[in-house]
Amino acid sequence: MTRWLVRRTLQAVVTFVVVTVLLFVLMRLTPGDPLERLAGDRQMSAEAVAALRHKFGIDQPITTQFTSFVAGALAGDLGVSIEHYPTKVSTLVLSRLPASLLLGGTVLLLTFGIGIALGVFQAVKRRSRADRWLTRASLTLYAMPSFWLGLVLAWFFGIRLQLLPVAQMHDPLLDPDASWLVRTGDVLRHLILPAVTLTAVSLAAVMRYQRTALLEVLRLDFVLAARARGIPERQVLWRHAWRNALFPVVGLLGLWLPMLVSGSVFVEQVFNWPGLGSLAADAVGARDYPVILGTAMLVSAQVLLGGLLADLAYYALDPRVRQA
Amino acid sequence: MTPLLEVEDLRITFPTRHGTSHPVDGVSFSVARGELLALVGESGCGKSLTSLALLRLVPPPGQIQPGSAIRLDGTDVLGLGPEELRSIRGRRIGMIFQDPMTSLNPVFTIADQIGESVRAHQKVSKRAARARALELLQEVGIPDPTQRLDVYPHQMSGGMRQRVMIAIALASEPEMLIADEPTTALDVTVQAQILELLDGLRAARGMAVLLITHDLGIVAGRADRVAVMYAGRLVEEAATAELFARPSHPYTKGLLASVPRITGAVTRLTPIAGTVPAPTAWPAGCRFHPRCPAALPRCATDDPPALPVGNAHRMRCWLAEAGRA
Ligand SMILES: Nc1ncnc2c1ncn2[C@@H]1O[C@H](COP(=O)(O)OP(=O)(O)O)[C@@H](O)[C@H]1O
Ligand SMILES: [Mg+2]
């Protein structure tokens, strides 16, 4: 177990380093740089721009830039934002993290909670009318672009019905002395539309995974054997069948864990959600290298962590993996 | 005394793309208390479906047709609700299956799975269920039973797993055990051990057994009676000694001839020519006539009923009437 974990972790660390190098190189290969726009926009003198280039180190050879980046990163310093100079990248990222975690966590919880429940229901009622309609409905939602669905929901619930806020995470007019309860309620109201949008477009995947996996298990001999010895049907379904139909869903959860941090760039933009997704999108637009790199590194760390956690979950759930 | 189990005119149908399939098509038999009845027939003749029907476990969309009757100790099994059914499954009739490698849940320990079966029918604590699991493992002859309690199925051999399946089936002291080809998936030496174990348990508990097999070779000296099944029906039924002494149906004779026998250095094996027809289109007349070496002209058109050929010995064959059996 420990050896396996150490090996698996080392593997993740190496992958992370490789991905970071690739990110760094790829970013510099794309055309444009952070100061070009500045120069165009504000009609600065060529000398002033050159001075700025020198100040941010963009005039150095890429190898020098890379070594100084690595030296900084190893010391826990990801540099400062060019766009939001002189805010540190880590400060920017940390300030956006809570909003992303809230949205991503809510969406993962809803997607997997509802998706598993509906997928199990579909498998039990396979080929029924309800099963077919759930498949159609979920695939229809799945096919919708998230930003488009977000806009439609924002228009309907926010503008037409005036029921829910469509932007930001807090009501700017809220009394700053409002009680904890009122403030939480305010955040939750802001959370509803982006969370529903993201859940709606991702639900179908979990439902399909769960339905297929459970149908496969329900056909197996040990399910029949459990029924034949008089185990109550609810126990046959959840304890025997579902426990064995959980593995693909756990894999999917591992794959989607990065959503916790990155959210959805599109949906965060539509709802002006102050998360990392919109931070990254703005940073890309501004060629704000340090911020792009910082958020991308966070996401790739999440991807690797998700895979690691999924493997750990398999390990905990399946005695055959444990022995191997 | 009424038999423990009575099956009357059991018919099972499946809707298929090629019309309705009739894999079990009018099967009647009974099993007395403590009796071992062997149900024998080639693969695909409907043995497993028949046994599943006894516990109302025919897989959907299969259906037991109206007019069929299954009585356990006089109780109409086909009329029972879900809770009453549960009190028969495992409690009064235990069942073991062909493939012990797949019949146990891979993610639970042996103690968990035996204990669960104990607790499905008796209100006992987890600790008591575990103690009972240990007793059962001892009873089915698993070495080091204490060590085996917390082991997962994949850590055991096929023979050991089949013993665990038997332990699970015995957990609630059923009056009857259905064993559907319990040794088909096992090595020959292990086969003999499992059959011996079943013999011993049956004697010790006075439990009735329905032993399903395609191998007449394991029936002799073990079963009290034999029912031979072909194409969804019983074609011959007799006490074991009688059947082996006077096999009468041409299909039974064919089966006996195809049991591998070692005569000196020569192994004779005479399989029956042809294959089992599909249950969507049974042949008209006698279902065996296309493969029958002794078929009469009327066999192609007239379906023979069960006719007596001796003491408690019946078969579905016109030869019985012709007195030529
Ligand atoms: N789930 C099913 N769906 C459709 N047909 C089935 C199903 N199970 C069994 N059958 C049909 O019933 C026939 C008999 O099956 P089975 O009882 O398993 O035979 P046996 O146990 O004697 O080998 C098969 O040949 C098949 O055509
Ligand atoms: Mg079978």
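Collect the residues in the range B:211-222 that are open to solvent by 10 Å² or more (accessible area, probe 1.4 Å) and part of a loop (DSSP other than H, G, I, E, B), keeping them in residue-number order.
At the first step, the residues of the range B:211-222 found to be open to solvent by 10 Å² or more (accessible area, probe 1.4 Å) are B:214-215, B:217-218, B:220-222.
If the condition is that a residue be open to solvent by 10 Å² or more (accessible area, probe 1.4 Å) and part of a loop (DSSP other than H, G, I, E, B), then B:His214, B:Asp215, B:Ala220, B:Gly221, B:Arg222 are the ones that fit.
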What's the number of the condition B:Met95 fails, among (1) more than 8 Å from every other protein chain (Cβ to nearest Cβ); (2) in contact with a helix residue (DSSP H, G or I) (Cβ under 9 Å, 6 or more places away or on another chain); (3) surrounded by 23 or more Cβ atoms within 10 Å (Cβ to Cβ); (4) not in a loop (DSSP other than H, G, I, E, B)? (1)
A:Trp148 vs. criteria surrounded by fewer than 13 Cβ atoms within 10 Å (Cβ to Cβ), closer than 25 Å to A:Gly275 by Cβ and assigned by TED's automatic domain parsing to the domain that holds A:Leu253: no
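Of all residues in the range B:70-85, which are within 14 Å of chain A (Cβ to nearest Cβ), under 20 Å from the mean Cα position of the chain (by Cα) and of a type in the set (D, E, K, R)?
Selection gives nothing.
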The conditions are (1) open to solvent by 60 Å² or more (accessible area, probe 1.4 Å); (2) assigned by TED's automatic domain parsing to the domain that holds A:Met27, and A:Leu52 fails exactly one of them. Which is it? (1)
For residues that are surrounded by fewer than 19 Cβ atoms within 10 Å (Cβ to Cβ) and touching a residue at least 60 places away in the same chain (Cβ under 8 Å), scanning just the range B:22-41, find the one that is nearest to B:Ile218 (Cα to Cα). B:Gly34
Looking at the range B:25-40, is at least one residue away from ligand 1 (no atom under 11 Å from the Cβ), assigned by TED's automatic domain parsing to the domain that holds B:Leu216 and among the aromatic types (Phe, Trp, Tyr)? yes
Enumeration of residues in the range B:168-201 that are more than 16 Å from ligand 2 (Cβ to nearest atom) and within 11 Å of another protein chain (Cβ to nearest Cβ): B:Ile168, B:Ala169, B:Leu170, B:Ala171, B:Ser172, B:Pro174
Odd one out for B:Glu175, checked against (1) in contact with a Ser or Thr (Cβ under 9 Å, 6 or more places away or on another chain); (2) away from ligand 1 (no atom under 16 Å from the Cβ); (3) at pLDDT 95 or above: (1)
By residue number, the members of the range B:161-173 that are more than 16 Å from the chain's Cα centre (by Cα) and in contact (Cβ under 8 Å) with a residue 40 or more places away in the chain are B:Arg161, B:Val164, B:Ala167, B:Ile168, B:Leu170, B:Ala171, B:Ser172
Quick check: anything in the range B:212-220 over 13 Å from the mean Cα position of the chain (by Cα), away from ligand 2 (no atom under 16 Å from the Cβ), touching a residue at least 40 places away in the same chain (Cβ under 8 Å) and closer than 18 Å to B:Asp180 by Cβ? yes
Within the range B:106-153, which residues are part of a loop (DSSP other than H, G, I, E, B) and closer than 18 Å to B:Ile93 by Cα? B:Gln122, B:Val140
Name, by its number, the condition in (1) in the same structural domain as B:Arg222 (by TED's automatic domain parsing); (2) open to solvent by less than 50 Å² (accessible area, probe 1.4 Å) that does not hold for B:Arg17. (2)
Mind listing whichever residues of the range B:98-111 are surrounded by fewer than 24 Cβ atoms within 10 Å (Cβ to Cβ), facing chain A (nearest Cβ under 7 Å) and of a type outside the set (A, V, I, L, M)? B:Asp99, B:Thr102, B:Pro106
Given (1) within 27 Å of A:Leu198 (Cα to Cα); (2) in contact (Cβ under 8 Å) with a residue 12 or more places away in the chain, where does A:Glu83 come up short, assuming only one miss? (1)
If I filter the range B:71-79 for residues that are away from ligand 2 (no atom under 16 Å from the Cβ), out of contact with any strand residue (DSSP E or B) (no Cβ under 9 Å at 6 or more places or on another chain) and within 20 Å of A:Ala228 (Cα to Cα), do I get at least one hit? yes
Do we find a residue being more than 13 Å from B:Ala169 (Cα to Cα) and facing chain A (nearest Cβ under 8 Å) anywhere in the range B:112-119? no
Selected residue [among the β-branched types (Val, Ile, Thr) and away from ligand 1 (no atom under 16 Å from the Cβ)] from B:Thr20, B:Thr75: B:Thr75
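Let's see how each residue does on (1) in contact (Cβ under 8 Å) with a residue 24 or more places away in the chain; (2) over 30 Å from A:His170 (Cβ atoms):
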| site | (1), (2) |
| --- | --- |
| A:Thr15 | yes, yes |
| A:Met27 | yes, yes |
| A:Ala46 | no, yes |
| A:Leu97 | yes, no |
In the range B:9-60, how many residues are more than 14 Å from ligand 2 (Cβ to nearest atom) and either in a helix (DSSP H, G or I) or within 14 Å of chain A (Cβ to nearest Cβ) (or both)? 4
Among helices (runs of 4 or more DSSP H) completely within the range A:209-324, the ones holding 1 or more residues that are more than 14 Å from chain B (Cβ to nearest Cβ), buried (at least 17 other Cβ atoms within 10 Å of the Cβ) and touching a residue at least 40 places away in the same chain (Cβ under 8 Å) are A:247-256, A:259-262, A:265-270, A:276-285, A:289-317
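The values are calculated or read from the model by the stated rules, or taken from the named source; none is laboratory data. Predicted, not measured: the structure shown is a model, and the values here were computed from it. Because the Cβ atoms are built from the backbone with ideal geometry, glycine has one as well, and the counts that use them run over all protein chains shown. We work out accessible area using only protein heavy atoms, side chains counted, and drop any ligands, DNA or RNA first. Shrake-Rupley method; radii C 1.70, N 1.55, O 1.52, S 1.80 Å.
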